[in-house]
Amino acid sequence: QVQLVESGGGLVQAGESLSLSCAASESIFTMGWYRQAPGKQRELVATLNRLGNTNYADYVKGRSTIARDHAKNTVYLQLNSLKPEDTAVYYCYAEGRGLPPRVSFWGQGTQVTVSS
């Protein structure tokens, strides 16, 4: 069982930036972030695997950066030009390699609130 510990989040104003980080208890192939706003389904924000392949949701392309420190088993997400609609609980996600169904893990979530 991979444990994911998130940090960051909080209350920011529109236009500001925010950084999130998530440390895994062991190395895992893919790490990233999803988010869930009230009344909405959980959706992809961005993922990054150990080969360096990234996957960004369209709504964050150009204003976010995902990065990993493999030595620390940690993934980082920088969000810029935040908008009120970015308000959500952000969940760290980790997934193993191999054929589906792949083993996956979730963090507890961290609240991001963007005020207008």
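Can you pull the percent of the range 1-111's accessible area that's carbon plus sulfur, 1.4 Å probe, other chains left in place? Provide the component values of the computation, followed by the final result.
Working: 2830 of 6020 Å².
Accessible surface attributable to carbon and sulfur in the range 1-111 totals 47 percent.
Calculated accessible area for the range 48-91 comes out at 52 Å² per residue, all protein chains present (probe 1.4 Å; ligands, DNA, RNA ignored). Basic side chains Lys and Arg get +1 at the Cβ, acidic Asp and Glu get -1 at the Cβ, and with that the dipole of the range 1-115 about its Cα centre reaches some 220 debye.
In the range 2-112, taking the dipole from charged Cβ atoms about the Cα centre, the farthest positive-side position among Gln36, Pro101, Asn80 is held by Pro101.
Take the Cβ atoms of Gln3 and Asn49, set R0 to 25 Å, and the FRET efficiency comes out at 0.80.
In a fully extended conformation the segment linking Arg97 and Ser27 would gain 24.1 nm over its present Cα-Cα distance, using 0.36 nm per residue.
The values are calculated or read from the model by the stated rules, or taken from the named source; none is laboratory data. Because the structure is predicted, anything quoted here is derived from the model rather than measured. Note that we place each Cβ from the backbone using ideal geometry, even for glycine, and neighbour counts take in every protein chain shown. To get the accessible areas, we keep the full protein, side chains included, count just its heavy atoms, and leave off ligands, DNA and RNA. Shrake-Rupley method; radii C 1.70, N 1.55, O 1.52, S 1.80 Å.
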